[in-house]
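Working notes for the structure below.
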Amino acid sequence: MTSEFGIAVHALVFLNHKAAQVSSENLAKNICTNPARVRKVMAQLKRAGLVETHEGAEGGYCFKKAAESVTLCDIAQAVHSVFVSTSWHSGDIDEPCLIASGMGPLMDEIYTELDDMCRKRLGEITIAEIENRLSGKGNRNASISQNTK
């Protein structure tokens with residue numbers, strides 16, 4: 001997983017909280033990263049229809065959707081996040097050994113299943129829920145899983 005997912009969630013919660021247009025510089029200051037990185041992530045959110053942009057000296061980003069309807073899974077899809085994967089595989093598909101030739105593909109199936117499970121869970125958590133927890137409207141000490149279905 002890359003940091004784009006965390007940046008995107010942070011940005012959308014902040015935009016929802018502000019309920020106003022916010023520049024990439026101000027978003028970057030709140031997220032504690034640089035504006036170029038924020039603009040890269042926000043471009044993906046714009047393509048997904050989650051934010052609107054306005055150009056010019058007073059330009060910036062606005063959250064376009066209802067916070068109750070946008071899930072963390074929506075955001076993950078927008079920024080192309082993969083939560084469980086590997087770039088290395090043990091064994092070799094061309095080996096005659098059943099274990100050596102089968103382990104890589106089998107582990108890929110397991111990683112895909114785990115990633116799907118993550119996405120399913122993220123589909124149960126909304127931007128509104130995260131903002132409520134941060135603002136004290138939800139129980140900050142409860143795990144996020146206690147606040148959903």
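The values are calculated or read from the model by the stated rules, or taken from the named source; none is laboratory data. In this text the structure is predicted, and so the values were computed from the model without any measurement. Ideal geometry is used to build each Cβ from the backbone, glycine not excepted, and the neighbour counts take in all protein chains shown. Note: accessible area is taken over every heavy atom of the protein model, side chains too, but ligands, DNA and RNA are not part of it. Shrake-Rupley method; radii C 1.70, N 1.55, O 1.52, S 1.80 Å.
Rounded to the nearest 20 debye, the dipole magnitude of the range 56-124 is 440 debye, with +1 charges on Lys and Arg beta carbons, -1 on Asp and Glu beta carbons, and the Cα centre as origin.
Surface composition of the range 40-103: carbon and sulfur atoms hold 53% of the protein heavy-atom accessible area at a 1.4 Å probe.
Taking the chain as the region of interest, the number of lysine pairs whose Cα atoms are within less than 27 Å, with members eight or more places apart or on different chains, is 26. For the chain, the 222 nm mean residue ellipticity estimated from helices alone, with every DSSP H stretch of n ≥ 4 adding -39500 (n - 2.57) and the total spread over all residues, rounds to -16000 deg cm²/dmol. Taken about its Cα centre, the chain carries a charge dipole of about 920 debye when Lys and Arg each add +1 at the Cβ and Asp and Glu each add -1 at the Cβ. Shown here are the Rg and Dmax of the Cα trace of the chain, at 18.9, 65 Å. Shown is the FRET efficiency for residue 137 and residue 46, computed with R0 = 30 Å from the Cβ-Cβ distance and rounded to the nearest 0.05: 0.60.
Determine the per residue accessible area of the range 1-124 with all protein chains present and a 1.4 angstrom probe, expressed in square angstrom. Each step should come with its number before you reach the end.
On the way: 7430 Å² over 124 residues.
Normalised by residue count, the accessible surface of the range 1-124 is 60 Å².
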